[in-house]
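A.B. asks: Sending over a structure as structure tokens; questions will come in a sec.
The values are calculated or read from the model by the stated rules, or taken from the named source; none is laboratory data. None of these values were measured; they are calculated from a predicted model. Don't worry about glycine lacking a Cβ; one is built from the backbone with ideal geometry, like all the others, and counts go over all protein chains shown. Surface accessibility is based on the protein's heavy atoms, side chains included, excluding ligands, DNA and RNA. Shrake-Rupley method; radii C 1.70, N 1.55, O 1.52, S 1.80 Å.
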Amino acid sequence: MNVTIIPFHDWRKNEKEGFRTRDAHFIKALMTSHEVDKLLIVNRPTTFLELLYKKHSKKLNGKLIHIKGNFSLYEVANNTYVVDWISNDIFNQVLRKQKWFINVYNRASYSNFIKECWEFLNFTSPTLLSQNIFSYKLTCSLPANRKVFDAWDNFLKFPAYNSINNDLKAGYRSLSKESIPWVTNSLENIAFFKANFNVRKISLLKNGVNTNFVKQEKGQPTELDKIKRPIIGFGGKISYLLNVDLINFLTKDNPQCSFVFVGQILDSKVYDSIKKLKNVFFLGDKHYDDYPDFVLNFDVCIIPYNVGEKQHGGDSIKAYEYLATGKKVVGTYGNGLEDLEDFIYLCDTPEAFSEELKSIENHKPKLNISDYSWAKKSKHLIDILSGRHTENDIEI
């Protein structure tokens, strides 16, 4: 099977930070699957200005095997290829911002180059997996033999995309009319997409974990050497999902604990709202190769997320990574964590959450991570891509 995938995240970002997101994990798994003959990744369009701003290289790691104008095709691994487009449309990217990506994905020139790459690589009967709602026009227009849309999370609930909410709705509507199978990572999303966009073919394909996550240990990072234990750790993005009031309550109520945050700061208002007490430490983002060392040196792992409307209908990858270490994990209800309640301490009040931090002992059963591996998840995804899996609402 020849698979073309349109991921959400930029390939250069993956190269720089590590393959740590849902789309990146699936790419890695598909690269090693014996059922995938060739894999073509359609990279997110960019401009020279964006490359300069993000300090990304113009060239990708790999062998440049085909070029046409500003379009390039790289071989990045055995039978794995990346289509790349560096657009000259700098002015409109600055002016239109997020909406620029929706429009630029629909350029006939990009679609034509992808089809040219299919021919160049002898992609017969290509199968298309889209994990990018921004590329819905491209997904609909490409003449793939079979198409699948991965509607991971619900982008209509992301505050960062409020300005293009109507465009995203148009994308979901267009993809729902394509009569193609959808997958998503939560039952909440299934109910939402069915009710709002009349999606008929949709299955639950939850996130997974690398089975070698804990095997990457290199020892305690030096940044933790002078931080007093017990360490209550959070590994993830500082975003609107975090319950700031809960975090401020926990850090004040547990002065004997050190609270360590490892991850990108996406929302400066959320970061500024977290009180910088003496027992609070922000260590910044870490490469995915180094990240496990921090989690392995947490005494308790936490997921202090908002509940209710401030969620995005997701399924936290960090929860599975936490559980792979055998550490005690404490979280709030929502974002798919209820499905892991047998393994995670879930709390519905700040006081109950704080009480769980008084002890680092984990009395919950250990998660069998082999049942939740990305390799196993990718097998189910391949079943869907190949048409072998046709049932709806099956939990995978």
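A.B. asks: Let me spell it out: the conditions are (1) more than 17 Å from SER111 (Cβ to Cβ); (2) assigned to a loop (DSSP other than H, G, I, E, B), and ARG173 meets all of them except one. Which number is the exception?
C.D. replies: It fails just one condition, (2).
A.B. asks: Pick out the one residue from ASP167, ASP153 that is in a loop (DSSP other than H, G, I, E, B), open to solvent by 10 Å² or more (accessible area, probe 1.4 Å) and either modelled with pLDDT of 90 or more or among the acidic types (Asp, Glu) (or both).
C.D. replies: ASP153
A.B. asks: Here are the criteria: (1) acidic (Asp, Glu); (2) over 21 Å from PHE192 (Cβ atoms); (3) buried (at least 23 other Cβ atoms within 10 Å of the Cβ). Tell me which single one GLU119 does not satisfy.
C.D. replies: Evaluating GLU119 over (1) acidic (Asp, Glu); (2) over 21 Å from PHE192 (Cβ atoms); (3) buried (at least 23 other Cβ atoms within 10 Å of the Cβ) leaves (3) as the failure.
A.B. asks: Please state which of the following conditions SER72 fails to meet, knowing it meets all the rest: (1) open to solvent by less than 30 Å² (accessible area, probe 1.4 Å); (2) closer than 24 Å to ASN196 by Cα.
C.D. replies: Here SER72 meets the rest and fails (2).
A.B. asks: In this structure, does LYS328 turn out to be surrounded by 22 or more Cβ atoms within 10 Å (Cβ to Cβ), closer than 20 Å to GLY235 by Cβ, of a type outside the set (Asp, Glu) and more than 19 Å from the chain's Cα centre (by Cα)?
C.D. replies: Spelling it out, LYS328 is indeed surrounded by 22 or more Cβ atoms within 10 Å (Cβ to Cβ), closer than 20 Å to GLY235 by Cβ, of a type outside the set (Asp, Glu) and more than 19 Å from the chain's Cα centre (by Cα).
A.B. asks: So which residues in region 315-328 are in contact with a Gly (Cβ under 9 Å, 6 or more places away or on another chain) and in a loop (DSSP other than H, G, I, E, B), if there are any at all?
C.D. replies: Answer for region 315-328, where residues must be in contact with a Gly (Cβ under 9 Å, 6 or more places away or on another chain) and in a loop (DSSP other than H, G, I, E, B): ASP315, SER316, LYS327.
A.B. asks: Still on this structure: Going by the structure shown, is ARG96 farther than 23 Å from GLY208 by Cα and open to solvent by 10 Å² or more (accessible area, probe 1.4 Å)?
C.D. replies: Against the criterion (farther than 23 Å from GLY208 by Cα and open to solvent by 10 Å² or more (accessible area, probe 1.4 Å)), ARG96 qualifies.
A.B. asks: For residues in region 75-93 being open to solvent by 30 Å² or more (accessible area, probe 1.4 Å) and of a type in the set (Val, Ile, Thr), which is farthest from ASN162 (Cα to Cα)?
C.D. replies: Going through the qualifying residues, I end up with VAL76.
A.B. asks: For region 121-139, name all the residues that are more than 13 Å from ASN2 (Cα to Cα) and of a type outside the set (Lys, Arg).
C.D. replies: Matches in region 121-139: SER130, GLN131, ASN132, ILE133, PHE134, SER135, TYR136, LEU138, THR139.
A.B. asks: Can you tell me which residues in region 181-205 are in a loop (DSSP other than H, G, I, E, B), open to solvent by less than 60 Å² (accessible area, probe 1.4 Å) and either farther than 12 Å from ASP153 by Cβ or of a type in the set (A, V, I, L, M) (or both)?
C.D. replies: Those that are in a loop (DSSP other than H, G, I, E, B), open to solvent by less than 60 Å² (accessible area, probe 1.4 Å) and either farther than 12 Å from ASP153 by Cβ or of a type in the set (A, V, I, L, M) (or both): PRO181, VAL199, LEU205.
A.B. asks: So, one more: Looking at LYS226 and the list (1) open to solvent by 50 Å² or more (accessible area, probe 1.4 Å); (2) in contact with a strand residue (DSSP E or B) (Cβ under 8 Å, 6 or more places away or on another chain); (3) not acidic (Asp, Glu), which single condition is not satisfied?
C.D. replies: Looking at each condition in turn, LYS226 falls short on (2).
Yes/no matrix, rows are residues, columns are (1) in a loop (DSSP other than H, G, I, E, B); (2) at pLDDT 95 or above:
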| residue | (1), (2) |
| --- | --- |
| GLY313 | yes, no |
| VAL330 | no, yes |
| SER370 | no, no |
| ASN392 | yes, no |
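A.B. asks: Moving on. Being open to solvent by 50 Å² or more (accessible area, probe 1.4 Å), of a type in the set (Gly, Ala, Ser), at pLDDT below 95 and part of a loop (DSSP other than H, G, I, E, B), is that true of even one residue in region 11-27?
C.D. replies: No, there is no match, as no residue in region 11-27 is open to solvent by 50 Å² or more (accessible area, probe 1.4 Å), of a type in the set (Gly, Ala, Ser), at pLDDT below 95 and part of a loop (DSSP other than H, G, I, E, B).
A.B. asks: Looking for something among the hydrophobic types (A, V, I, L, M, F, W, C), open to solvent by less than 50 Å² (accessible area, probe 1.4 Å) and within 21 Å of the chain's Cα centre (by Cα) - is there at least one such residue anywhere in region 62-69?
C.D. replies: No, there is no match, as no residue in region 62-69 is among the hydrophobic types (A, V, I, L, M, F, W, C), open to solvent by less than 50 Å² (accessible area, probe 1.4 Å) and within 21 Å of the chain's Cα centre (by Cα).
A.B. asks: Here is a further query. For residues that are out of contact with any Lys or Arg (no Cβ under 9 Å at 6 or more places or on another chain) and assigned to a helix (DSSP H, G or I), scanning just region 344-361, find the one that is surrounded by the most Cβ atoms within 10 Å (Cβ to Cβ).
C.D. replies: Checked region 344-361; the qualifying residue surrounded by the most Cβ atoms within 10 Å (Cβ to Cβ) is PHE353.
A.B. asks: (1) assigned to a helix (DSSP H, G or I); (2) more than 29 Å from ASN166 (Cβ to Cβ); (3) free of Cβ contacts under 8 Å to residues at least 24 places away in the same chain: which one isn't true of SER72, the others all being true?
C.D. replies: Evaluating SER72 over (1) assigned to a helix (DSSP H, G or I); (2) more than 29 Å from ASN166 (Cβ to Cβ); (3) free of Cβ contacts under 8 Å to residues at least 24 places away in the same chain leaves (1) as the failure.
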